[in-house]
Amino acid sequence: MELKYKKSAADGEEMFYGTHPSGLDIFIIPKKGYSKSYAIFGTHYGSVDSDFIVPGETEETRVPDGIAHYLEHKMFDQPDNSNVFDKFSRLGANANAFTSFNMTAYLFSATENVKESLAVLLDYVQSPYFTEETVEKERGIIGQEIRMYDDADSWKVFFNLLNCLYKNHPVKKEIAGTIESISHITPELLYRCYNTFYNLSNMAIVVAGDVEPGEILKVIEDGIKKNEPFKEEIKRIYPDEPNELASDYAEQKMSVAMPMFMVGFKDTDTECGGKALLKKSLETQILLKMLFGKSAPLYKQLYDDGLINASFSADHTMQPDYAFSSIEGQSKDPKRVYDMIIAEINRVRSEGLLEEDYVRIKKVLWGEHIRTLNDVENLAGDFLQMHFMGIDYFDYYDVYKSITFEDVQKRFENHFVPERSALSVVNPVE
Amino acid sequence: MENINLIYVPMDKIKTTTIGVYIHRQLNKNDVSKNAVLPYVLRRGCKLCPDAEAIAKYLENLYGAQLRAGVVNMGDDQIMRFEAQTIQDKYAAEGEPLTEDLLRLILSVMFEPVTEDGGFKSATVEIEKNNAKDRIASVMNDKRVYAMQRCIEEMCAGENYALPSRGTIEGVDAIDARNLYEYYKSAIASSVIDIYVCGSADETKLRALIDEKTAGMEFEPAKIPETEIHRKSGDVKNVTDRMEVTQGKLSIGFATDITPQSEDAFALTVMNSVFGAGAHSKLFNNVREKLSLAYYASSGAVKAKGMIIMNAGIEFENFQKAYDETLAQLESIQNGEISELEYKSAVSFLVNAYEAMKDSPEQMHQFLSDQRVTGTNYDIDYCKDKLAAVTIDDIVRVSKRVELDTVYFLTGEGE
């Protein structure tokens, strides 16, 4: 196959790309002079995809929560009993995998033997092997992973917030599932999920580093096993999610030194992908910095009153079908912080945003974009995640440039609505 | 002015320039808390930008350049640190001199603090004292890190290295705007200050900016603090803490008599790689994969102190099993049970990690300051060669000098 080429004049990045007849999307990003190369092979399949219709079938398939993550762990067992980590280790490559809400990814970084390591990556992710015995063995390990999260305050404050924001959407469920839900996972169910979501037409691979694109393409083409691409989409079934929240407050007690909080704003402008989604995300990031960043009046007030410390930060999470903004930190009085955030939102709703702040903060976003291009791991990882949302990262500059102050004002009106906000708190045990 | 060193590392392939300021102080009980508060007070305002809001706006105008204050212990060297980063000038809309403007701010933060009545501003100092106390208290939030810190604290009890870089509550309480300012004046004049710049910059211009700002200042002779390695004394220490947690955290400290300057330091690094550093290691493959006791089980070498610290998250009742298996794995190395694969993987894991540092300005600062603290002055390629030259016999030989020192367990309230 032939690869296409494009270059972004604004940030100097270039890329070779194309879709293989098997359905696999391939992206190669050359980074001249880099010591490290990185490859990430992912499927558009995460913890929210427990309810779906396999292409060609009519019946709905419902699988236990946490299965995408369990499957990720079990991909490391091979039919010939070989150990995947051994193969990478022998080559000096550093391998890993992760599962998020919407994607599962297998990856490695290496400073030598990149092509050999890439062949190993392609081979093992296309070689499922699940038996009663190997599936059973993993329950103890994943059980400890779940327990580790049970003691992680930042994890709990986050999921408790999601359970306030969402009544039905599966994003509110923990990625690894529960000790109970994973007890129902069997080899048959793993194969069913694998054969659906690991069809190459639902997958993509990104390679970034000082590589020769032609050579990398050859390794990928040679490594692709027989695959019949799906002719239709996998139908993912998500329950209807109302605009209203499930609850506006959650509290949990844990062994922490001082209260932790997370304030969320549910985004109801959903059902968009591609450039529209990227634009919405950039507008929201600008707003979060204007409202809650270190130069914002609210930040100064909270900091000088001793209500927040340097851990205070704001973020926006987006997918085509759900999105939310979150503001988190530590405080001796989270409810007071929440009240002050809402008061500030109401003040800005009546007095308006300042254009000079917008102009300054928009520059900050450009700096952040340039920074993400520095590290091959961040770059390839972000690229893949955006690809699964229908976003081409090479559109960044055009979308960024198209944003106006009016867009940001409108976005503020629509998104920062006090009725769609919630507070999650983790308090210290007495 | 020979206290201040500018170390420029050209890195044209990346799109940012990173500036790291490392102020080296001897770790001791008297100053530990002052060092833990001082950089955060300085970060709140200077002659160029009188308050935090002005600094924030200045940085935002540099396309969101970052400036972080911090403090870290490397061996018995407590380092007050400023890490700053900006995109390279050529990515700015009008090619503005971002790196120079960023350095201007850093120099003003370091040398031109805001003062009142012969001290720092007391409102600022009070807020930053409270924040420092929050950081001290919050160590317990991350149970994995907490268990390892408690292990080190118990292991090095009575030594300076047991002092946490974040300081102590009593130490912070004793600080006021005036005594902190007095300390600042003496510390800034009597410390080795290394300024690393990684990326793309005009070295001559940066040097001129530094010279201009420090002209007329008086400096006293300074040197990098010396670090003693930890030596085991007496019996193995066993310590258990209880907290309301669902998972137990095991951390085991091992002592060696291997100094970072000795040739055997490379063998110790490879030995630790075989033992617990990564998915190729004995701890991962046995404690996790074979026995399914843990999701993570690993070890790290604290080279400056000649120590190895192991850690794992386990069920409370599996303490003995995990402990026995950890010791059994060390023993197997001491008995020479190292396969060709384990050996090769351990070496190439490290060689790969060292080579990858060349892409990361932050890791480069870290590597270079490591060399300063231990006085070794190696470069990355030299370390790679030395690590690759370590043999299985070397690993077995140094492993016999690894001794069990402290066993720490964080368990549940009811256990």
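Between rounded, prolate and oblate, where does the stretch B:1-56 land on the alpha carbon gyration tensor, with a ≥ b ≥ c its root eigenvalues, rounded for a/c under 1.5, else prolate if a/b exceeds b/c? Because a/c hits 1.5 or more and a/b fails to exceed b/c, the stretch B:1-56 counts as oblate.
One decimal place: the segment B:D257-B:E212 gains 11.6 nm when fully extended, by the rule 0.36 nm per residue minus the C-alpha distance. Using a 1.4 Å probe over protein heavy atoms, the accessible area lost on pairing A with B, summed over both chains, comes to approximately 5100 Å². Assuming 0.36 nm per residue, please report the length gained on full extension of the stretch A:E221 to A:E419 beyond their Cα-Cα distance. Extending this stretch completely gives an extra 66.1 nm. On a 22 Å Cα-Cα criterion, which of the cross-link pairs A:K7/A:K279; A:K115/A:K137; A:K266/B:K143; A:K279/A:K410; A:K4/A:K32; A:K167/A:K266 come out too long? Violating the 22 Å limit, Cα to Cα: A:K115/A:K137; A:K266/B:K143.
With a 10 Å cut-off around each Cβ of B:259-268, the average count of Cβ atoms from other chains is 0. Using the Cβ-Cβ distance between B:T246 and A:E351 with R0 set to 45 Å, the FRET efficiency from 1/(1 + (r/R0)^6) comes to roughly 0.45.
Overall, the accessible surface of chain B at a probe of 1.4 angstrom is composed of carbon and sulfur to the extent of 47 percent. The accessible surface of the stretch A:1-142, taken with every protein chain in place and a 1.4 Å probe, is 47 percent carbon and sulfur. Per residue, the stretch A:4-236 exposes 38 Å² of solvent-accessible protein surface, assessed with a 1.4 angstrom probe and all protein chains in place. Between A:D333 and A:D248, the simple spin-label model (points 7 angstrom out along Cα→Cβ) gives 2.0 nm.
Approximating the spin labels as points 7 Å out from Cα along Cα→Cβ, the A:E271-to-A:K363 distance works out to 4.0 nm. For the segment A:29-36, counting C-beta atoms of other chains within 10 Å of every residue's C-beta and taking the mean gives 4. Of the residues B:A215, B:I193, B:H230, the one whose Cα sits farthest toward the positive end of the charge dipole of the stretch B:188-255, with +1 on the Cβ of Lys and Arg and -1 on the Cβ of Asp and Glu, is B:H230. Given +1 at the Cβ of Lys and Arg, -1 at the Cβ of Asp and Glu and no other charges, the dipole of the protein assembly as shown around its Cα centre is 820 debye to the nearest 20. Counts of other chain beta carbons within 10 angstrom of each beta carbon in peptide B:341-351 average 4.
Summed over qualifying helices (DSSP H, 4 residues or more, each -39500 (n - 2.57)) and divided by its residue number, chain B shows a 222 nm mean residue ellipticity of -13000 deg cm²/dmol. Where a ≥ b ≥ c are the square roots of the eigenvalues of the C-alpha gyration tensor, would you call chain B rounded, which needs a/c under 1.5, or, failing that, prolate if a/b is larger than b/c, or oblate? Because a/c hits 1.5 or more and a/b exceeds b/c, chain B counts as prolate. Between B:A174 and A:R192, the simple spin-label model (points 7 angstrom out along Cα→Cβ) gives 6.7 nm. Remark: chain B carries a charge dipole of roughly 240 debye about the Cα centre, counting +1 on each Lys and Arg Cβ and -1 on each Asp and Glu Cβ.
Note: relative contact order over the stretch B:237-412, using C-alpha pairs below 8 Å and six or more positions apart, is 42 percent.
Ligands, DNA and RNA aside, B:K305 has an accessible area near 0 Å² when probed at 1.4 Å.
Take B:D405: with every protein chain present and a 1.4 Å probe, its accessible area is about 10 Å².
Quick check on the stretch B:237-412: what does the Kirkwood estimate of hydrodynamic radius come out to from the alpha carbon pairs, in Å? So the Kirkwood estimate lands at 16.8 Å.
If R0 is taken as 35 Å, the Cβ-Cβ distance between A:N427 and B:E317 corresponds to a FRET efficiency of 0.75.
Taking a straight Cα-Cα cut-off under 22 Å and skipping sequence neighbours fewer than 8 places away in the same chain, the lysines within cross-link reach of B:K29 are B:K129, B:K133, B:K185, B:K223, B:K232, B:K305. The C-alpha atoms of chain A define a longest principal axis, and helix A:153-165 lies at about 80 degrees to it.
If you plug the beta carbon distance of B:N30 and B:E362 into 1/(1 + (r/R0)^6) with R0 = 41 Å, you get a FRET efficiency near 0.85. Ordering B:V373, B:M243, B:N30 by Cα displacement along the dipole of chain B toward the positive end leaves B:M243 in first place; charges were set at the Cβ atoms of Lys, Arg (+1) and Asp, Glu (-1).
For chain A, adding -39500 (n - 2.57) for each run of n ≥ 4 DSSP H residues and dividing by the number of residues yields -13000 deg cm²/dmol at 222 nm. Expressed as a whole number of Å, what is the distance separating the alpha-carbon centroids of the stretch A:160-179 and the stretch B:345-415? The stretch B:345-415 and the stretch A:160-179 have Cα centres spaced 40 Å from each other.
For the stretch A:208-224 versus the stretch A:345-376, the spacing of their alpha-carbon centroids is 38 Å. Is the C-alpha gyration tensor of the protein assembly as shown telling us rounded, prolate or oblate? Criteria: a/c under 1.5 is rounded; beyond that, a/b larger than b/c is prolate, otherwise oblate. In terms of gyration-tensor shape, rounded. In the context of the full set of protein chains, residues of chain B present 39 Å² of accessible surface per residue (probe radius 1.4 Å, heavy atoms only).
DSSP assigns beta bridges within the stretch B:4-214; of those with both partners inside it, close to 80 percent run antiparallel.
The values are calculated or read from the model by the stated rules, or taken from the named source; none is laboratory data. Because the structure is predicted, anything quoted here is derived from the model rather than measured. All Cβ positions, glycine included, derive from the backbone under ideal geometry; neighbour counts span all protein chains shown. What goes into the accessible areas is simple: the full protein's heavy atoms, side chains included, and nothing from ligands, DNA or RNA. Shrake-Rupley method; radii C 1.70, N 1.55, O 1.52, S 1.80 Å.
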